[in-house]
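Read the structure below first, then the notes.
The values are calculated or read from the model by the stated rules, or taken from the named source; none is laboratory data. The structure displayed is predicted, hence computed values, not measured ones. Neighbour counts are summed over all protein chains in view; Cβ atoms, including those assigned to glycine, are modelled from backbone coordinates with ideal geometry. Note: areas computed on protein heavy atoms with side chains; ligands, DNA, RNA excluded. Shrake-Rupley method; radii C 1.70, N 1.55, O 1.52, S 1.80 Å.
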Amino acid sequence: GLAETHQTLMLNDLRSRITVETDGKLLTGRDVVIAALLGAEEFGFATGPLVALGCVMMRVCNLDTCPVGVATQNPELRSRFAGNPDHVVNFMRFIATEMRELMAELGFRSIEEMVGRTNCLQAERAEHFWKGRGVDLSCLLYRPQNLKNQTRYCIDKQDHGLEGSLDRRLLLPLCEPALANGSKIRAILPIKNTDRVAGTQLGSEITRKYGAAGLPEDTIDITFRGSAGQSFGAFIPQGLTIKLLGDANDYIGKGLSGGKIIVRPDPAAILKAEENIIVGNVALYGATSGEAYFRGIAGERFCVRNSGATAVVEGTGDHGCEYMTGGIVVVLGRTGRNFAAGMSGGIAYVYDPDDSFSACCNQDMIRIDSELDKTDSDLLHKLISSHYEHTGSAVAENILNSFEISLSSFRRILPLDYEKMLQLIGQAEKEGLQGEQALLAAFERRKA
């Protein structure tokens with residue numbers, strides 16, 4: 001009908017401006033050809049090139065014990081790496097050669113001609129396995145009518161709107177003195193949820209000018225007011241502090257690299273922060289360093305793959321600290337289920353006055369301690385005090401007012417392998433070794 005025709009025209013017009021990328025176990029030229037026939041124009045490879053470089057699929061990437069030196073920071077293991085860029089080039093040549101052979105059989109002279117030609121694919125009935133008997137691929141292979149004979153692939157360069165971004169419009173001009181000579185900047189700005197990755201381009205310019213060391217702490221201190229869009233403060237470096245009076249969408253602080261992020265409700269808001277979600281899912285994904293203080297609850301997968309940042313939050317959704325490898329996380333409230341799944345490094349502290357946390361924690365790789373020592377006590381007091389100072393948290397204030405009593409309600413989550421490595425590093429340091437030498441000695445003793 002008319003509605004279907006209109007939808008088809010819209011899809012065709014949109015297609016000319018958007019490139020479709022696919023990935024996920026593309027290992028042969030046949031895989032790429034099928035992906036193109038299904039509509040893909042760009043193709044991502046991971047496993048294949050890794051194997052070409054020597055990966056043996058030990059699946060211990062998170063343990064820093066890769067036997068072939070691919071996924072490790074250990075100098076001794078890295079010395080075993082036998083990969084060469086030519087190996088990946090050769091692998092891709094094989095992919096291209098097989099593609100050319102298949103394209104010749106199908107009668108195509110270019111990838112563009114193949115894109116979206118699902119009529120060249122035939123779905124086989126999966127009768128041999130009961131799980132596949134009900135699978136219907138007809139929708140996947142459907143070809144919409146092309147009434148205007150438009151292209152099936154991208155021909156127009158996509159405008160990502162970077163020139164109109166908050167960083168380009170306001171932050172970079174405002175912070176030019178800091179970028180030029182390190183002058184301190186203080187400002188209050190509005191923000192809305194269509195302002196995505198606020199602060200990221202500014203952070204990039206800081207790193208471009210001053211390197212990984214960034215600027216002195218709090219050189220640039222920007223306060224935003226409103227609802228921030230996705231990836232607020234992603235990748236920001238040392239010297240950049242961004243505060244938010246309001247709330248933020250998913251991926252806040254993604255890849256945090258030394259900067260500081262503080263989120264608290266707007267003072268005009270009438271709500272209990274500790275009972276409301278203030279930042280979305282996957283906050284601090286892959287953070288490497290820096291600090292974050294959230295007065296309120298975070299969504300799911302909080303601090304997933306955190307490898308060095310320090311964070312304080314007043315509650316999390318499911319899968320908190322998933323695959324965490326480093327850093328410190330303090331949760332001053334409830335967590336969702338499956339906390340610490342795959343956690344192999346770093347330390348987490350969870351406030352658990354009703355003793356319900358253990359039922360929410362994935363204990364395959366970690367240990368839960370209810371008795372904390374003075375080091376833990378001092379660290380917790382320092383971080384909770386910082387949280388109160390930055391956010392005015394009522395939860396933090398209550399805990400600090402009766403800290404000695406509250407301390408008994410904290411649980412320490414410590415990965416078992418990480419604990420062993422910390423003990424071995426401590427032994428090496430007592431013997432006079434420091435830094436990388438202590439790490440190497442600990443690693444050797446761990447293997448033994």
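Scanning region 398-438 for residues that are open to solvent by 20 Å² or more (accessible area, probe 1.4 Å), part of a helix (DSSP H, G or I) and touching a residue at least 60 places away in the same chain (Cβ under 8 Å) yields a total of 3. Checked against the criterion of being free of Cβ contacts under 8 Å to residues at least 24 places away in the same chain and assigned to a helix (DSSP H, G or I), the candidates Ala96, Ala104 yield just one match: Ala104.
Hand me the list of strands (runs of 3 or more DSSP E) wholly inside region 220-305 holding 3 or more residues that are closer than 25 Å to Arg334 by Cβ. I'd like the intermediate steps shown before the answer.
Values: elements: 220-228, 240-248, 257-264, 277-279, 289-294.
In region 220-305, the matching strands (runs of 3 or more DSSP E) lie at 240-248, 257-264, 277-279, 289-294.
Can you tell me which residue is modelled with the lowest pLDDT among those in region 73-96 that are of a type in the set (S, T, N, Q), farther than 16 Å from Pro49 by Cα and open to solvent by 60 Å² or more (accessible area, probe 1.4 Å)?
Residues of region 73-96 that are of a type in the set (S, T, N, Q), as a first pass: 73-74, 79, 84, 90.
Imposing the further condition that a residue be farther than 16 Å from Pro49 by Cα reduces the set to 73-74, 79.
So of that shortlist, the ones also open to solvent by 60 Å² or more (accessible area, probe 1.4 Å) come out as 73, 79.
Working: Gln73: 75, Ser79: 90.
Going through the qualifying residues, I end up with Gln73.
Please find, within region 22-72, the residue that is least open to solvent (accessible area, probe 1.4 Å) out of those that are in a strand (DSSP E or B) and farther than 24 Å from Ser138 by Cβ.
Keep residues of region 22-72 that are in a strand (DSSP E or B), which gives 22, 42-43.
Adding the requirement that they be farther than 24 Å from Ser138 by Cβ leaves 42-43.
On the way: Glu42: 89, Phe43: 48 Å².
Here the answer is Phe43.
Taking only region 259-277 into account, find how many residues are closer than 15 Å to His387 by Cβ and open to solvent by less than 10 Å² (accessible area, probe 1.4 Å).
Residues meeting the conditions: 4.
Here Arg367 meets each of (1) of a type outside the set (A, V, I, L, M); (2) under 30 Å from Glu274 (Cβ atoms); (3) part of a helix (DSSP H, G or I) with one exception, condition (3).
Once region 293-337 is narrowed to residues that are in contact with a strand residue (DSSP E or B) (Cβ under 9 Å, 6 or more places away or on another chain) and of a type in the set (Asp, Glu), the residue that is nearest to Phe357 (Cα to Cα) is Asp318.
Can you tell me how many residues in region 321-363 are on the phi > 0 side of the Ramachandran plot and among the acidic types (Asp, Glu)? Of the residues in region 321-363, 1 are on the phi > 0 side of the Ramachandran plot and among the acidic types (Asp, Glu).
Does at least one position in region 142-161 carry a residue that is under 30 Å from Thr219 (Cα atoms) and either touching a residue at least 12 places away in the same chain (Cβ under 8 Å) or not in a helix (DSSP H, G or I) (or both)? Even if it seems obvious, please write down each step before you answer.
If we filter region 142-161 for residues that are under 30 Å from Thr219 (Cα atoms), which is where we start, we get 160-161.
Filter once more, so that each one left must be either touching a residue at least 12 places away in the same chain (Cβ under 8 Å) or not in a helix (DSSP H, G or I) (or both): 160-161.
Within region 142-161, one or more residues are under 30 Å from Thr219 (Cα atoms) and either touching a residue at least 12 places away in the same chain (Cβ under 8 Å) or not in a helix (DSSP H, G or I) (or both).
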